[in-house]
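*Asks:* Here's a structure for you.
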Amino acid sequence: MSEKKNLRKIFMNGILDENPTFRMVLGMCPTLAISTAVNQGIGMGLATTFVLVFSNLVISLLRNIIPEKVRIPSFVVVIATFVTIVDQLMKAFVPALSQSLGVYIPLIVVNCIIFARAESYAFKQPPMASLVDGLGMGAGFTLALILLSSVRELLGSGTLMGAQVMPASYHPMAIIIRPPGGFIMLGLLLLVVNAAVKAMQKHKASRAKEESV
Amino acid sequence: MSLFHVFPGGIHPREGINGKAVTCALPIEELPQPSRVAIPLLQHIGTPCKSLVVKGDKVKVGMMIGEPVGFVSAAVHSSVSGTVVDVQPCILANGLQQPCVIIDNDFKDTWVELTPVAEPDKLDGKAISQLARNAGLVGLGGATFPHAVKYSLPPDKKVDTLILNGAECEPYLSADHRLMLAYAREIVTGAQTLQHALKIERVLVGIEDNKPDAIEAMTKACENDPTFTVTAMPTHYPQGGEKQLVYSLTGRTVKSGGLPLDSGVIVINVGSSHALYRAVYEGRPVVDRVVTVSGCVKKPANYLVRIGTPVEWLLETSGGLLPQARTLLYGGPMMGMAINREDIPITKGCSGITALEKSSALENESNCIRCGRCSSVCPMCLVPSVLDKLMRKGMYDEAERQGVMNCIECGACTWSCPAKRQLTQSCRTSKKVITERRRAEAARQKAEEARRAAAVAVQEEAK
Amino acid sequence: MNSLLLIIVGGVLVNNFVMSKFLGICAFLGVSKKTETALGMGMAVTFVMAIASLFTYLVQHYLLIPLHLEYMQTIAFILIIAVLVQSVEMVLKKTSRSLYLALGVYLPLITTNCAVLGVAINNTTAVEGGYNLIQSVVNGTAGALGFTLAIVAFAAIRERLEIGNMPKWMDGFPGALIGAGLMSIAFQGFSGLIH
Amino acid sequence: MQRKLVVSSSPHLRNEGVSTRRLMLDVIIALLPTAVASVWFFGGAALNLLLVAVITAVAAEYFYQKLTKQKTTVSDLSAVVTGMLLAFNLPASAPWWIAAIGSVIAIVLVKQMFGGMGQNFMNPALIARTILMLSWASLMAANVLPHAGQWVAAAGADAVASATPLGENPASYSLWQLFSGNIPGMLGETCKLTLILGGIYLLVRGVIDWRIPAAFIGTAFVLFWIYYGTLYSVESGSANVLYQLLSGGLLLGAFFMATDYVTSPVSPWGRVIMGVGCASVLFVIRVYNPSYPEGCSFAILFMNVLTPLIDKLTVPKPFGYVKPAKPGKGA
Amino acid sequence: MTGILIGTGVLAAIALVFSLLLTAVNKVFAVPSDTRRDQIREVLPGANCGGCGFAGCDALADAITAGKAIANACPVGGLAVAQKVAAIIGTDAGEQEVHKVATVVCQGTIDRCKTKFTYHGIEDCIAATLINDGNRACQYACLGLGTCVRACKFDAIHIDEYSKIARVDTDKCTACGACVAVCPKNVLDLQPITLPVRVLCRAEEEGYLVSDNCKIGCIGCELCKNVCKFNAIAMANHLPVIDRGLCTGCMMCAEVCPTGAMWGDLDNRRIALIDRDLCIGCGICKKVCQFEAISGERKSIHEVNEACTGCGQCVPKCPVKAITLPIRQHVRDANAKVGTSEGVAAIPKDEAQPN
């Protein structure tokens, strides 16, 4: 029971407390680059999750074998392997998405999230926890991507998943799906998230105070 | 003969003309002596004097009551005859307490015996320096740097130019102006004495061109001496700043952190020259000075004031402050200190008392708009807006790197700031913090060295 | 010659890694607090990118393509880059301790600086059959110079913001991101300069 | 009588002639003739846009500062200037909401979120214009024909020009048309006469430094001269120097946008670099970039980005500056 | 199949070549690095506050590695960090200093200390001291313009909105000393958090000058010195100086101070409590007591009355260790002397919760 609860906590940690995008601000490059449309966001999120989960698992399994000194190259090889697999898989099964994500799929290799988790978590924790951590982090990343890309797609093209959502009279604000829009929207989202977190902490603190009184 | 050079930056405040018009036509009148004076023992930059009197002592005018201590120091003399009431700390213009000799005036005005120098032409550098020290000669333009130090030239330094500073660029003030009109000959003679004693080739007199009568008077006074040149300089604040003056008249740049001496120049104020004349030819120490009272007072005037007279007395004689006066300044409006009480004594460095009504100086600060006016008017070519921001973020090291220590606190930046920011104050703050840090660092190093030396001694002893 | 000029202009301004391709954002946001360190980072990236372009070109054309191993591009390239970065780190540590201290944790981060891998892959895909050797190296260097331009200019902006009175909640990433967004608008003027 | 004297730092005098408000007022005065000209040429639509932009800008500033519990600084008039400049960068055909969105972006996103007056590192009006242009390119196309003076009659429908002075197939306009402003274009860009008048007013009042406009226009002149080789000829169409100088936003930019204190360098040499840089980027975009016919805003924005760097590199040396003494030489 | 083999082979070859290269580079550019430095840097708090006297944590780490600083040099990290550092460099952690906090040695709030004039200028104490030495009438007073607030890296000091004087948040204060160093008026001082009494005034002036300016300034009346039964207070420069070695924490000085400049931690004042089960009625405590607060006949249980100041002199003297010093619940009654009140006052805090 407690084991399960623990895993759940690890999973939720990736989505909330240590959300890679909003809290840790890692892996900015793909976040900004491909969040112009929701389907791209989902695709990228899932691909990254796949790599994250398996690299976490493998690294955790090998953590006692890999010498401390060469751990970074080892991580690179493990991660690069899974990225190559994902790349090939996506080329085979979802060629259109693969085409639109382009160079950013091989670039999953250098996504700081994966490195950070390998280094700070998987290399020190048992396989099961690492796997769940990878899942949680991946889910957090995917959710963040979906959130950002839906905002950008909605405002920037007036659509969601390619379907027209906004009324015809809406003039889509094209800049939001261009590079400046990516930076600015993520910045604004971060502001919102920070404000929300602050409000939540305040709420928690005041609740804790009330309870203690 | 000499080409005129225009220093960078600078401003032309309207008050430079209008403000001076109030008093520049009024001849110097002697201010009645107050019933009590407070004479601070530190009226110069350097070490405070040691008091030579105690409660109850009888003193005469011109009697030395403070003995100079250390090299950078100048004597202090009684300005009235009477009885010493006490030697106690009093608040001076900067708000700090300093020990003062308080004397009750007996209005007899009995002087000590004055002994003029027998052969003024035979004075050499050392003798004139000693004379300046004992006569309490300091820079009467406001800097109050002991002249004894100024006159002791290091043997390796060659000085070829003596500059008489009659620029008086500070708005409202006309003390030097009137002094030059009244005592042109004495000023020139004083300068000549110094010139001969220190073997200086030429004397340049710099006077702003808003004082044509003073230029005329000075030219006339020195027309027989070919080594003298009187230059009419454009009215351009801060023309009277030492570094600016040297550049204007000689084209030489005083190096950052250096003295005019390094460029072969000595600068003295016309008032100091006059005081030197008196010390040499009359044997009379500095016991009074000319003070302009101007601005929001009933009767603006130029007074000859005994040192230690409270500001109150000056104001009373001038009919008191007008009701619209909001700020009372010890000095001129650009560099003077605002004071909040009227019992502050006049010291050697005080050339004016100015009262101002509410002005845009009291508007609130708003954000810097980066217009660049401050840096274009800065005579030292600094960027005050950035220095100001650095100071407010506590980034003093960076401010030091950007040269804040060069600031001469002339106030041109603040004057011209459209956002009404207190740029001068922040530069001054940075300078203070940095100076203190340097001092602390020096003390720390000294302690460290002492510790090391002690350790070495112990080791050697052990051997 | 003309094509090289185009590559340079393209790399520095038009397809600026940071401003229009979102590559190297981590370093761009992380090492842009001081102009001096930003310049150091830019230099390090330039160095690594130029050499990485060279090596990846060699591996791509003399190893992977002849052996039909193009699918192993990612893994081979990242290995090369990792090794290069490691070497640069060691060289820096020996030759310039101050620069090494200043760049601190960010040197290893060049490994995960996607700009380096991005440029290596870009070299092979930018035109049909990839750039030739000289073009690759020029492209890598130009891209890195564009990165340097962006990061140094951004660092100067951040230094200015630091002594300003930006609201507290804009400190850190939100402010940096929005600032970078405004900055990238200025770079938008070049898009379309080269087709 | 115990009076409470005010004690503050020296100097106790201020130049009563300058204040932020006064400077902004001067800019507004300098912009007014152009505003009148734009209304003259483009009619009520222009007036509408001007009003919407200015009112929204002021309101945005006011409400933002109320919301964040700051002192309101609306009275320094800077928001009015931003609003006017933004409107000047809109075509007469732009819908009113574009002006409103632009103003909010300029004031809140670009200016206030970075600390308000003097803290923004890019020109608010230009950023807003560029965002609008990148977002709604078709609505921002500057192809409304002016109906000089007859705007009451023509208020109904905006006539659309087939070609603008700059662009893929530039129409040929006479120099006088370009100078007087009787051409399609953004509201404040067309009438060069009033722009130059305003610019001269600012120069005379000492509000702007001559270096930026001089370096800007001078460099542009030289570059276009070298490129086209002809000062002016009717046959060359748009391919001559004067045509280029008098079309697009060059003059508006040179006098009113590039000279924005906040986003241009402080040092004299920095300002020269700013002018030269603006003109060079403008030249590159106009000549080599077919996707944007007009590069003035991008050019100025690009130089805005570089301004802190230029400032850093052109810090003046203190008077009497000595290089830090080498060890052994002594201080 | 061969494809995989070739792939593996190539990868292995690349790996081999590069590992050789790396090894070579490593050899050529080997730098003798002190890993201890990095470890030390790791355990330091990383606030870069400069409280240690070095320019930030990196500098301190360098200094400790070089032997120029001792293990407990970091005032912020306290004993925990000192122990870790000591473990790394293999020395003794040293004794932990008393837990100190920054203390504002001035109570001259805006309603107590007069202002000299309307200050118009930069909101910064150092800047304000340049203008007529600040606008507080007392030259030793806290100016309340927040220079210390900006110096604090831990958000532990603030200017009270109403009283316009600095207040320290003792929970957050790490005693790094940044505020102490920066205060131009020297009103901040690092003092042990547990001190029972403090002199919260620095006015080294004649009493009449002080009372002209401030309602709560020390007027040098020497009442505290005279009331102290333990000779712990001496006067210097018109101010009391407490000898912490002699002070027993009876807080009588704070009680008698006419202005309040002598602050006492009266909320945590103690009282002697005699365990009735243990007391043997020897009467030593009664003899020792300087405040006539213990009564009782010989051989009978002794009582403590409301006059007890909590000085604790009786505690070590009790042969059967029957006396404890709990925190008292209500204000001391100075009039209570032996025989005037009942000796039932001392109710320890923890036991005294009603119901």
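The numbers here are math on the coordinates, done by the rules we state, and not lab data. Worth saying up front: this structure is predicted, and the values here are computed from it rather than measured. With ideal geometry, Cβ positions are generated from the backbone for all residues, glycine too; neighbour counts draw on all protein chains shown.
*Asks:* Sort the stretch E:36-89 into rounded, prolate or oblate with this rule: let a ≥ b ≥ c be the square roots of the eigenvalues of the Cα gyration tensor; rounded if a/c is under 1.5, and if a/c is not under 1.5, prolate when a/b is larger than b/c, oblate otherwise.
*Replies:* It is rounded, given that a/c, with a ≥ b ≥ c, falls under 1.5.
*Asks:* Kirkwood Rh, Cα Rg: Rg to Rh for chain E?
*Replies:* Result: Rg/Rh = 1.19.
*Asks:* Using the Cα atoms of the stretch B:366-463, I'd like the radius of gyration and the largest Cα-Cα distance, Dmax, both in angstrom.
*Replies:* In Å, with Rg to one decimal and Dmax whole: 19.9, 70.
*Asks:* Could you list, in their original order, any pairs among B:K298/E:K114; A:K9/C:K168; B:K60/B:K299; D:K66/D:K111; B:K243/D:K317; A:K5/C:K168 whose Cα atoms are separated by more than 26 Å?
*Replies:* As for pairs spanning more than 26 Å Cα to Cα, those are B:K298/E:K114; A:K9/C:K168; B:K60/B:K299; A:K5/C:K168.
*Asks:* For C:K94 and C:L133 in the same chain, what is the full-extension length gain: residue separation times 0.36 nm, less their Cα-Cα distance, in nm?
*Replies:* Between C:K94 and C:L133, full extension yields an extra 11.0 nm.
*Asks:* Would you please give the residues with an amide H less than 5 Å from that of D:Y173, counting only those at least 5 places away or on a separate chain, with H modeled from the backbone geometry?
*Replies:* none
*Asks:* Relative contact order of the stretch E:36-89, please, whole-number percent, based on alpha carbon pairs below 8 angstrom and at least 6 residues apart.
*Replies:* It rounds to 36 percent for the stretch E:36-89.
*Asks:* Here's another thing I want to ask about it. Assuming 0.36 nm per residue, please report the length gained on full extension of the stretch B:K446 to B:N18 beyond their Cα-Cα distance. Please report the intermediate quantities before stating the final value.
*Replies:* Values: separation 428, 0.36 × 428 = 154.08 nm, distance 5.24 nm.
Contour length minus Cα-Cα distance gives 148.8 nm.
*Asks:* Additional query: The stretch E:98-194: percent of C-alpha pairs farther apart than 19 Å?
*Replies:* Cα-Cα pairs of the stretch E:98-194 separated by over 19 Å account for 35 percent.
*Asks:* Beyond a 19 Å Cα-Cα separation, which of these cross-linked pairs lie in this structure: B:K389/D:K4; B:K393/B:K431; D:K4/E:K116? Walk me through the numbers on the way to the answer.
*Replies:* Working: B:K389/D:K4 31 Å; B:K393/B:K431 15 Å; D:K4/E:K116 8 Å.
The pairs that break the limit, which is 19 Å between Cα atoms, are B:K389/D:K4.
*Asks:* Run through the stretch B:106-163 and list the chymotrypsin sites (Phe, Trp or Tyr not before Pro) located in a DSSP loop whose Cβ has at most 14 other Cβ atoms within 10 Å.
*Replies:* Within the stretch B:106-163, the qualifying chymotrypsin sites (Phe, Trp or Tyr not before Pro) (loop, at most 14 other Cβ atoms within 10 Å) are B:F107.
*Asks:* Also, quick follow-up: Need one number: % antiparallel among DSSP beta bridges in the protein assembly as shown, to the nearest 5.
*Replies:* Restricted to the protein assembly as shown, the bridges split so that about 70 percent are antiparallel.
*Asks:* Determine the alpha carbon to alpha carbon distance for each of B:K126/B:K199; B:K20/B:K220; C:K34/D:K312 and list only those over 18 Å. Don't skip to the answer; put the middle values down first.
*Replies:* Numbers: B:K126/B:K199 12 Å; B:K20/B:K220 23 Å; C:K34/D:K312 12 Å.
Among B:K126/B:K199; B:K20/B:K220; C:K34/D:K312, the Cα-Cα distance tops 18 Å for B:K20/B:K220.
*Asks:* If you don't mind, there's one more thing I want to ask. For the stretch E:116-152 and the stretch C:14-41, what is the separation of their C-alpha centers, rounded to whole Å?
*Replies:* 42 Å
*Asks:* Same structure, new question: Please give the length that would be gained between B:F4 and B:R401 if that part of the chain were fully extended, namely 0.36 nm times their separation in residues minus their C-alpha to C-alpha distance (nm, one decimal).
*Replies:* Answer, rounded to one decimal: 139.7 nm.
*Asks:* Take the Cβ-Cβ distance between B:L304 and D:I200 as r, set R0 to 56 Å, and report the resulting FRET efficiency rounded to the nearest 0.05.
*Replies:* Details: r = 53 Å, r/R0 = 0.94.
Using R0 = 56 Å, I get an efficiency of 0.60.
*Asks:* So which aspartates and glutamates can E:K185 reach, going by Cα to Cα under 14 Å and dropping same-chain residues fewer than 8 places off?
*Replies:* E:K185 reaches B:E436, E:D124, E:D133, E:E204.
*Asks:* Nearest 10 degrees, 0 to 90: what angle lies between the long axis of helix D:78-88 and the longest principal axis of chain D (Cα atoms)?
*Replies:* With both axes taken from Cα atoms, the answer is about 20 degrees.
*Asks:* Tell me, what is the percent relative contact order of chain A, built from C-alpha pairs under 8 Å that lie six or more residues apart?
*Replies:* 33 percent
*Asks:* Most exposed first by the Cβ proxy, i.e. fewest other Cβ within 10 Å, how do D:M133, A:M12, A:M200 rank?
*Replies:* A:M200, A:M12, D:M133
*Asks:* Still on this structure, please answer the following. Check cross-link reach from B:K50 to the aspartates and glutamates: straight Cα distance under 12 Å, and skip same-chain residues fewer than eight apart.
*Replies:* Within reach: B:E67.
*Asks:* Report the far tail of the P(r) of the stretch B:121-281, meaning the percent of Cα-Cα pairs longer than 20 Å.
*Replies:* It works out to 44 percent of all Cα pairs.
*Asks:* Another question, then. Provide, for q = 0.10, 0.21 Å⁻¹, the log10 of I(q)/I(0) from a solvent-free Debye sum over equal Cα point scatterers in the stretch B:270-396.
*Replies:* Normalising to I(0) and taking log10 leaves -0.48, -1.10.
*Asks:* Restricting to DSSP H runs of at least four residues, report the calculated mean residue ellipticity at 222 nm for the protein assembly as shown, -39500 (n - 2.57) per run over all residues, nearest 500 deg cm²/dmol.
*Replies:* Helices in the protein assembly as shown give a 222 nm mean residue ellipticity of -14000 deg cm²/dmol.
*Asks:* Once both labels are modelled 7 Å past Cα along the beta-carbon direction, what's the A:K9-B:Q130 spacing in nm?
*Replies:* Modelled inter-label distance: 8.8 nm.
*Asks:* OK, next. Semi-axes of the equivalent ellipsoid for the protein assembly as shown, please: Cα gyration tensor eigenvalues, times 5, square-rooted, ordered largest first, whole Å.
*Replies:* So the equivalent ellipsoid measures 63, 51, 32 Å along its semi-axes.
*Asks:* Let me ask another. Among the aspartates and glutamates, select those whose C-alpha is under 18 Å from the C-alpha of C:K33, and discard any that sit fewer than 8 residues away in the same chain.
*Replies:* Result set, ordered by chain and number: B:D397, B:E398, C:E159, C:E162, C:D171, D:D311, E:D58.
*Asks:* I would also like to ask the following. What helices in chain E pass both tests, a Cα length along the helix axis of 27 Å or more and a mean Kyte hydropathy of 0.5 or higher, using whole DSSP H runs?
*Replies:* Correct list, ordered by number: E:2-28.
*Asks:* Which chymotrypsin sites (Phe, Trp or Tyr not before Pro) in the stretch E:135-221 pass both tests, a DSSP loop state and at most 14 other beta-carbon atoms within 10 Å?
*Replies:* Qualifying residues, ordered by number: E:Y162.
*Asks:* Could you work out the longest stretch of chain D that avoids the chymotrypsin sites (Phe, Trp or Tyr not before Pro) located in DSSP loops with at most 16 other Cβ atoms within 10 Å?
*Replies:* Working: sites that count: D:W210, D:Y232, D:Y321.
Result, exposed sites excluded: D:1-209.
*Asks:* Applying 1/(1 + (r/R0)^6) with R0 = 56 Å to the Cβ-Cβ distance of B:E29 and E:Y208, what FRET efficiency is obtained, to the nearest 0.05?
*Replies:* My answer for the efficiency is 0.90.
*Asks:* With the calculation restricted to Cα positions, what are the radius of gyration and Dmax of the stretch B:102-159 in angstrom?
*Replies:* Answer for the stretch B:102-159, Rg first and Dmax second: 15.4, 50 Å.
*Asks:* Using the Cα atoms of chain C, I'd like the radius of gyration and the largest Cα-Cα distance, Dmax, both in angstrom.
*Replies:* Rg then Dmax for chain C, in Å: 17.2, 59.
*Asks:* OK, next. Return a whole-number percent for the relative contact order of the stretch B:366-463, with Cα pairs under 8 Å and 6 or more residues apart as the contact set. Spell out each step's value before the answer.
*Replies:* Numbers: 90 pairs, mean separation 27.1, N = 98.
Normalised by residue count, the contact order of the stretch B:366-463 is 28 percent.
*Asks:* Using the 10 angstrom Cβ neighbour count as an exposure proxy, how do D:L85, C:L5 rank, fewest first? Mind showing how you got there, number by number?
*Replies:* Working: D:L85 26, C:L5 11.
In increasing order of surrounding Cβ atoms, one gets C:L5, D:L85.
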